[in-house]
Every structure is written in C-alpha cells, then in structure tokens.
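The values are calculated or read from the model by the stated rules, or taken from the named source; none is laboratory data. It should be emphasised that the depicted structure is a prediction, and the values quoted were computed from it without experimental measurement. Counting neighbours? That spans all protein chains shown, and the Cβs are built from the backbone with ideal geometry, glycine included.
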There are 2 protein chains.
Amino acid sequence: MEDNRQKLLQSQIHDWLLKNKDSGTRLLQKLVQADSTQANEKGAQGIVIEALHEIGLRVDIWEQDGDELVQHPYFVSPRTEFKESPNVVGVKKGTGGGRSLILNGHIDVVPAGDFEQWEHHPFSGKVVEGKLYGRGATDMKGGNVSLLLALSALQQLDIQLKGDIIFQSVIEEESGGSGTLATILRGYKADAAIIPEPTNMRIFPKQQGSMWFRIHVKGRAAHGGTRYEGVSAIEKALLVVEYINKLEKKRNERITDPLYSKVPIPIPINLGKIEGGNWPSSVPDHVKLEGRMGVSPEETMEEAKLEMESWIAKLQEVDPWFAEHPVVIEWFGARWVPGAINLEHELMNKLITNYQQIQGETPIVEASPWGTDGGLLTKVGETPTIVFGPGVTEKAHHPNEYIELEKVFEAAEIIALTAIDWCGLH
Amino acid sequence: MEDNRQKLLQSQIHDWLLKNKDSGTRLLQKLVQADSTQANEKGAQGIVIEALHEIGLRVDIWEQDGDELVQHPYFVSPRTEFKESPNVVGVKKGTGGGRSLILNGHIDVVPAGDFEQWEHHPFSGKVVEGKLYGRGATDMKGGNVSLLLALSALQQLDIQLKGDIIFQSVIEEESGGSGTLATILRGYKADAAIIPEPTNMRIFPKQQGSMWFRIHVKGRAAHGGTRYEGVSAIEKALLVVEYINKLEKKRNERITDPLYSKVPIPIPINLGKIEGGNWPSSVPDHVKLEGRMGVSPEETMEEAKLEMESWIAKLQEVDPWFAEHPVVIEWFGARWVPGAINLEHELMNKLITNYQQIQGETPIVEASPWGTDGGLLTKVGETPTIVFGPGVTEKAHHPNEYIELEKVFEAAEIIALTAIDWCGLH
C-alpha cells in the first residue's frame, strides 16, 4: 500500500488497540475462565460467537459429524461424537478480486493437571504485572484474542478489503486436529493462513509433525527371589530406550535446514510414559512405553513410521532375546501432520515487513518444534500456513501458564496490517 | 529309636499313607477348590478345622486382632482388621518329657491372575497324570496336606509322643506373616519347627529375608517437541536401575556360604514394577520403581536397609542431576524376616536321616531364595525352623500351578518319622 496511507492505517489501528486494551483483556479473561477442555468447549465458543456478532461478521456454527469426517484418512480423535462441541467460523467478506486469508485458532485446552501446582487457580484469568494467568492463556486463547482484536479494529475503522478473511475457532487441536479438518471438509479454504499458536512472536514457516506410538517389551516372569530364572522386561526396556535414542540422533543428523540451526533436537523422539510389571517381588514380563515421534516437513508420516518400525526390528542385533521376543510397536492416538510454507511466499514477506515495522527489529524465523493444525490446512486444505503468535511456548501445557498481555496487542497489530497487505485494500 | 521298632513304625506309616491316598488327594482337592486369597480364607480354614477334628486334635480357632499385634515391630499387613479370617491351631499333646515341634503352613494364596493363562480353572483342583492343578496346590496347600496326613497317621496308628506337636494353619504369609506372628503372641512356641513350603523336597536350613521398596526418580517436565528443555525421568531411571544392579552384584559377592554355591544370585534385588510419566508427548518428570530386596540370614533387615539407602545416596556421583534432585527411597508393604537354623541342629540331623531312609538318596541342602514365616518363628518365636516341602518352587505364584501328588505323600512320611524322632516315642 502507499506509504502515507499505510502510516495512517497503522496509527489508526495502533490507537484503536490502545483504546481497547481493557476490553481486549476482559475478553481474554472471560475466555480463560471458560474451561474448554475436550468436550467442554461450548461455553468458550459462546463467548467467541458473541464477539463475532459484535464485530459484525457472518457467523457459521456447527457440530461436526458424519462419515466423511470420521472416516477421513487424516481424522484423529479419541471420540467420534461431537455434540455440544461446536466449531465457529466468522467471515469478513471481501469486496472481490483479493487474496483470501484464514485466521485459525483452537479453542480447546489441555487439562489443568494438579491444581496444587498452580499459583493462581487455573481458570482464574488473573492479571499480575501485565501477565494473564490460566490454562489456555498462552495456548492459545491469547492468540485467538489477537485475531479477534485485529478483525474488530478493521471493522470498527471501516477498513474494507478485497479478499475474504475467514476467522476460525476450532475444537480438537490438542487431540489431532479434527476441528480444522471439519472446517476444510465444510469448504473453508483460502490462499494462505496464519495460526497464532504460542511462538513467542517468532515466525514459524515450518511445523514439525508428530505421531504417538506404543511399544511393548516382553520379559519372562519369575519369583523375585529367583530372578535369575526370569528375564526382566524392565532391563530389556532400557535397551529399547537407548536404541530409540540412537534413532533420534540418526534422524536429526540428517536435518540441515538452517531454520533448525538453533534447535538442539529438531525432530525429537520423546518417551513420555512407561509402565510395566505388577508386583514388587515378581520379575516383570511386560513393559509398555508410550511416546511421540517428531516428523520433519521433508518426510511423510508413512516414511517416518517405516523408519521407526524397521529400526525396532533390528533390536535383535542388540540382544538375541528380541529375536525370539520381538518388540511390538503400534501407532495410536493423536497425530499432527507436518507443514511448510515457502520461505519466499508473499505472506511471509508481508508478515516479516509488518513485524519489522511494528517491533523495530528483524523477527526470528524458525521451524516449530511441535505440530499445529497448519499441517492439515496445508496438506488437506491446500492453504499455505504460517504459525505466528504472542504466547510463551515454554508455558504451554504447564502449570502457571500465562501470556504477556502486551504481546497479544502487538500480535493483533501485526496481523491486522498483514491482512490488509495480503487481502488488499478496497 | 531302636532299629526294629523304627522299621515297624516306618512300614506302618507307609502302608497307612498308601491306604489313604484317595482321601488325602480329595482333601487337597477340596482345599485348592476353596479360594483362600487374602480376606477369603474362612472356607479353606473350615476344611482344615474339620480335618483336625477328625484326626482328634485339640483345636484353637481365633481371629487375630489387638494393639499388641498391629503395633508389633514385626507386624506387616495391608490390613489391620482380620474378621472372618481365622487362624487355626491343632495340638497333639505329648505325654511329657519330649521336645515340642511346630508344623506350620499358611492357608492364604496369591491371586490367580489372568484366568486365560491357566490351562485348567485355577480353583479346579483337577488331577492330570499324578499332578494336582490349581492356585495354592504347590504354595502351599500340598505341604499343609502332608502335615495333616502325618498327624493323621500318627493318631490313627496310635503312636504316642513325649513332646507336643503343634499344627498351625495361618493366614497372611503372602503379605508378610501376621498370621504366624499372631500364633507367637498367642503363646505358641516350640523347640523347633518345620514349614513345608515348596522346596522341591530340598531342605532349606536358611531362608532369605526380603523387604519391599519404592524408589522415586525425578525429572523435569517439558513438551516432547522441545524435549531438550526437560529432563526425562525415564532416562534417569535407567541409571538408577543399572546402579541398583551394581549393588546387587556387590552384596552377592560377599556371600560365601556353600549353601548358596548353586544359586546364581543368592540375595537378589528385584525390580518388579515401573511406572512414570502421563502423556506420550510430555517429558516425564517422575518415575516410580517398586522392588524387593533380598536379605541374607547373616544380616539384619536394618543393615540391609541402610546399605541400600547409602548406596542410593551415592547416585549423585553417577550423575550430578541426582545431587539436586535426590532419588527418594521408601520401604513399604510386605517384609519377610530372614531365618537360619544351625546346620548341626538335631532336627536337621533327624530330617536328613529320615529323608535318606525314605528316598534312598542324600537330600539337597540349600538356602531358600525367598522368605517364609520361618524368620518370624526363629527371630520372634525363638523356634529354630527348617523349610522342607513337596511343592514345585518354580510353579508357585504362576499360572498352571500344580503339585506332584506322590511328593505330598513322601513328605508326609518323612515328616511323620522326623516328628517321632524329635518329639520322642512314649
């Protein structure tokens, strides 16, 4: 856009955001106070719907269902019924001839865990020294409020764009993305997308994919007093853990993309859960390990699966026990598709420029260490996606989750200006 | 006893046992069919009481309780209420002037576990090719029936002894021995004891003690996608497992007693259970290990505890992580006191002689790889104890537990003759 007009718009948006600091903070507070763990999203979505009506967008609300969804190859969820768990989309219709933009955020939050570990009640939304505390503050209701503020500013300042802006408040991101998949199946696609997941204001053009696996290690039971007559599945599991760590090393040595240069382990294999044996004085005959395998944007989920499976099959070279008692791997539960947008993509360009304009410095451009719905938007929805948001990555899924309110408004400003640039001023 | 009289008695007892093969087998069958897992012992004890009345002994039946028991330093049980779980004692009163003998067996059995893994129903008592199958057949209702047969033979053959024989059918051995402790507190002591736990007809003058422990290993939580920001408690637990294996090695290198010469690990430290983490894509911040530490008859429980605790405290030399996040150990649940009888003890002598007489070969004399109530009888009841019984050690606590019926009768014969020698013929 022309330099003068741009400056004017920027200062109008900036001023509008300043004036709306209190109402924006209150909106985030209300959203955090509405516990929206899986199957409890309705209350928080109600607040989003109210906000969209106030902004004056065309609102689409539906409970996802049907075979097309649950039998889709990319469908992942522990449930197949989503009654009372609506998705919400609000469209700011363009005047025509411009590029469309999806602004996607998930409304679901992970469980708060042990309340004792929280300094403030996890659904308090308490503000202390510029930080708003609570489950979901950073992942990612803070980012969602940035989107709503950006849209609200554009509307109230009567800024008409050529292309459509499609705001999405989806369920089920934390369980593998069936909410975003449902928006795609409902027909929502665009020329590009931004997801304000907590990136600490860094720009993530690539998102790591991931999938969950479960590994069964066998032993042979015996009485603990004659443990030499048995084979400990715990001791065998140690070998498996060490061997999987070697695979992680091997896979990560292949990653040469400079976007990962500051990341110690670009695509980690995390072993998150172990369980085995059932009696202190028996030799355990079974250990179960559960983990998450990172998938690089340069490989398919299937390739990563195959590499893990053939690696596990080679365990018999480590210990002949595994030849007769093969370790079994199964893939279960959640799965996030990796995604990537071209570094030279016009939306990258616009976002970086506006970031520099507002923040007065060059943004950090990195690859995300976790999956987002951006993988689905890219691979299934054919919508190139950037992840960029105000939240604090380190606080996501943790006790005492918080977000710095300042960042919520900064992100709103950058996203509003980027939307103008991308969709085009009428 | 004189040679001729001895031969006569032996042949009388042998013939009596031959004649009572069917009724002895039926008695064992009935006992196995009566599921006597913890808190369900009443039915099986009823069968024992009936048998003792038939034999014609003075019977003592009581439900253990009271502060003296539950506050006793050697009391171990997950419960403090024992209503409907009676102990049973039957006394064959001597004519006076002889040594007394306790014949002790526990009536409780461990849970049958997964029924699917049993070829025959675990409470069937089915006999196939001379083996009687079912939970408790070998550990240790078969041994109990050997005792009842020995007593029955002595009574029906009208063999009067100088010393008392005190038969005990106790609860709670599998949970640490509160039943036998209760018999001691009730005043039952003797000059020596035999416990027919499953030794495969070997003679165990020493019994390994054992205690249960729980170890907590800490990590630091993080998202699995940035697992390098956390510390995996699973990986730290591996170090702990390896380090405990080293302690086991060190402790066993000290054991020079020739009784253990054929035992690969005389006093094992068994890690039976592991549990940690709660989400596949989180770095686990806690792992719990549960195990059983073998205690040698040459050390006290306290000495063994201290050695383990100071060993665990040295983990910080292995990894500085443990200096700031010390591994915590707690002692919980069951505990079996080690026990030993002098190898030159007169009861050892008598038992070995009678074994040779009946079996025509020298018995194997070994140290037991597990604890029994013999530790309590020895340490609290001041009653030196030998463990010797007909069951199959390897089948105890396992699916498809069985006992060879032939051994039940052989053990009965050896024990009856040993009782005569020890208590003295009137």
Here are the criteria: (1) closer than 28 Å to A:Ile415 by Cα; (2) outside any loop (DSSP other than H, G, I, E, B). Tell me which single one A:Ala304 does not satisfy. (1)
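Restricting to the range A:370-406, give me the number of residues that are closer than 25 Å to A:Ala340 by Cβ, away from chain B (no Cβ under 14 Å) and either in contact with a strand residue (DSSP E or B) (Cβ under 9 Å, 6 or more places away or on another chain) or assigned to a helix (DSSP H, G or I) (or both).
Start the filter on the range A:370-406 by keeping residues that are closer than 25 Å to A:Ala340 by Cβ, which leaves A:370-394, A:396-397.
Now drop any that are not away from chain B (no Cβ under 14 Å), which leaves A:373, A:376-386, A:388-390.
Within this subset, residues satisfying the condition of being either in contact with a strand residue (DSSP E or B) (Cβ under 9 Å, 6 or more places away or on another chain) or assigned to a helix (DSSP H, G or I) (or both) are A:373, A:376-379, A:381, A:383-386, A:388-390.
Qualifying residue count for the region: 13.
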Looking only at residues in the range A:370-426 that are over 16 Å from A:Ile352 (Cβ atoms) and of a type in the set (Val, Ile, Thr), which one is surrounded by the fewest Cβ atoms within 10 Å (Cβ to Cβ)? A:Val380
Among the residues of the range A:223-239 satisfying the criterion of being more than 8 Å from chain B (Cβ to nearest Cβ) and surrounded by fewer than 21 Cβ atoms within 10 Å (Cβ to Cβ), which is nearest to the chain's Cα centre (by Cα)? A:Leu239
For the range A:20-33 the number of residues that are surrounded by 16 or more Cβ atoms within 10 Å (Cβ to Cβ) and more than 19 Å from the chain's Cα centre (by Cα) is 7
Could you list all residues from the range B:34-46 that are buried (at least 18 other Cβ atoms within 10 Å of the Cβ) and either in a helix (DSSP H, G or I) or at positive phi (or both)? B:Ala44, B:Gln45
Would you confirm, using the coordinates I've provided, whether B:Ala150 is crowded, with 24+ Cβ neighbours inside 10 Å, out of contact with any strand residue (DSSP E or B) (no Cβ under 7 Å at 6 or more places or on another chain) and modelled with pLDDT of 95 or more? yes
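Suppose the filter is in contact with a strand residue (DSSP E or B) (Cβ under 7 Å, 6 or more places away or on another chain), within 11 Å of chain A (Cβ to nearest Cβ) and free of Cβ contacts under 8 Å to residues at least 24 places away in the same chain; does B:Glu248 pass it? Explain how you work it out, then say what you get.
Working: in contact with a strand residue (DSSP E or B) (Cβ under 7 Å, 6 or more places away or on another chain): yes; within 11 Å of chain A (Cβ to nearest Cβ): yes; free of Cβ contacts under 8 Å to residues at least 24 places away in the same chain: yes.
Judged against the criteria, B:Glu248 is a match.
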Filter result (of a type in the set (Gly, Ala, Ser) and surrounded by fewer than 22 Cβ atoms within 10 Å (Cβ to Cβ)) within the range A:101-128: A:Ala112, A:Gly113, A:Ser124
Answer yes or no: is there a residue in the range B:180-200 that is under 15 Å from B:Val109 (Cβ atoms), touching a residue at least 60 places away in the same chain (Cβ under 8 Å), in the same structural domain as B:Glu68 (by TED's automatic domain parsing) and in contact with a Lys or Arg (Cβ under 8 Å, 6 or more places away or on another chain). yes
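Anything in the range A:50-80 that is among the small types (Gly, Ala, Ser), under 30 Å from A:Asp421 (Cα atoms) and buried (at least 17 other Cβ atoms within 10 Å of the Cβ)? List them, or say none. Walk me through it before giving the result.
First, pick out the residues of the range A:50-80 that are among the small types (Gly, Ala, Ser): A:51, A:56, A:66, A:77.
Then drop every residue that is not under 30 Å from A:Asp421 (Cα atoms), which leaves A:51, A:56.
Hit for the range A:50-80 is A:Ala51, nothing else.
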Give the number of residues within the range A:121-164 that are touching a Gly at 6+ places or on another chain (Cβ under 9 Å) and among the β-branched types (Val, Ile, Thr). 2
Given A:Ala334, A:Ala367, which one is assigned to a strand (DSSP E or B), in contact with a helix residue (DSSP H, G or I) (Cβ under 7 Å, 6 or more places away or on another chain), crowded, with 22+ Cβ neighbours inside 10 Å and modelled with pLDDT under 95? A:Ala367
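Can you find a residue that is at positive phi and not assigned by TED's automatic domain parsing to the domain that holds B:Leu238 anywhere in the range B:354-376? Spell out how you get there, then give the answer.
Going residue by residue through the range B:354-376, those that are at positive phi are B:360.
Restricting the remaining residues to those that are not assigned by TED's automatic domain parsing to the domain that holds B:Leu238 gives B:360.
Within the range B:354-376, one or more residues are at positive phi and not assigned by TED's automatic domain parsing to the domain that holds B:Leu238.
Looking at this structure, is B:Arg220 more than 20 Å from B:Thr372 (Cα to Cα), touching a residue at least 60 places away in the same chain (Cβ under 8 Å) and among the basic types (Lys, Arg)?
Numbers: more than 20 Å from B:Thr372 (Cα to Cα): yes; touching a residue at least 60 places away in the same chain (Cβ under 8 Å): yes; among the basic types (Lys, Arg): yes.
So B:Arg220 fits the description; yes.
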I'd like the full set of residues that are touching a Gly at 6+ places or on another chain (Cβ under 8 Å) and either assigned to a loop (DSSP other than H, G, I, E, B) or farther than 25 Å from B:Asn354 by Cβ (or both), limited to the range B:4-30. B:Gln29, B:Lys30
Filter pass, A:Glu248 being closer than 22 Å to A:Phe213 by Cα and among the acidic types (Asp, Glu): yes
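Out of all the residues in the range A:278-295, which are more than 7 Å from chain B (Cβ to nearest Cβ) and either more than 12 Å from B:Gly225 (Cβ to Cβ) or assigned to a helix (DSSP H, G or I) (or both)?
First, the residues of the range A:278-295 that are more than 7 Å from chain B (Cβ to nearest Cβ): A:285-286, A:288-289, A:293, A:295.
Residues satisfying the conditions are A:Asp285, A:His286, A:Lys288, A:Leu289.
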Identify all residues within the range A:275-327 that are more than 26 Å from B:Lys288 (Cα to Cα), among the small types (Gly, Ala, Ser) and out of contact with any Pro (no Cβ under 6 Å at 6 or more places or on another chain); write none if there are none. A:Ser296, A:Ala304, A:Ser310, A:Ala313, A:Ala323
Out of B:Glu253, B:Glu275, B:Glu242, report the one residue that is closer than 19 Å to A:Gly224 by Cα, surrounded by fewer than 22 Cβ atoms within 10 Å (Cβ to Cβ), free of Cβ contacts under 8 Å to residues at least 24 places away in the same chain and within 7 Å of another protein chain (Cβ to nearest Cβ). B:Glu275
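Checking the structure you have, find out if any residue of the range A:345-352 is touching a residue at least 12 places away in the same chain (Cβ under 8 Å), in a loop (DSSP other than H, G, I, E, B) and buried (at least 21 other Cβ atoms within 10 Å of the Cβ). Can you show your working first?
Of the range A:345-352, the ones touching a residue at least 12 places away in the same chain (Cβ under 8 Å) are A:345-348, A:350-352.
Applying the additional criterion that residues be in a loop (DSSP other than H, G, I, E, B) yields A:345.
Filter once more, so that each one left must be buried (at least 21 other Cβ atoms within 10 Å of the Cβ): none.
Looking for residues that are touching a residue at least 12 places away in the same chain (Cβ under 8 Å), in a loop (DSSP other than H, G, I, E, B) and buried (at least 21 other Cβ atoms within 10 Å of the Cβ), one finds none in the range A:345-352, hence no.
Going through A:Lys92, A:Lys83, A:Lys131 one at a time, which residue ends up being without any contact (Cβ under 8 Å) to a residue 60 or more places away in the chain and either surrounded by fewer than 23 Cβ atoms within 10 Å (Cβ to Cβ) or more than 20 Å from B:His223 (Cα to Cα) (or both)?
On the way: A:Lys92 fails: without any contact (Cβ under 8 Å) to a residue 60 or more places away in the chain; A:Lys131 fails: without any contact (Cβ under 8 Å) to a residue 60 or more places away in the chain.
Being without any contact (Cβ under 8 Å) to a residue 60 or more places away in the chain and either surrounded by fewer than 23 Cβ atoms within 10 Å (Cβ to Cβ) or more than 20 Å from B:His223 (Cα to Cα) (or both) holds for just one of A:Lys92, A:Lys83, A:Lys131, which is A:Lys83.
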Within the range B:141-173, the residues that are within 24 Å of B:Val110 (Cβ to Cβ), of a type outside the set (A, V, I, L, M) and part of a helix (DSSP H, G or I) are B:Lys141, B:Gly142, B:Gly143, B:Asn144, B:Ser146, B:Glu173
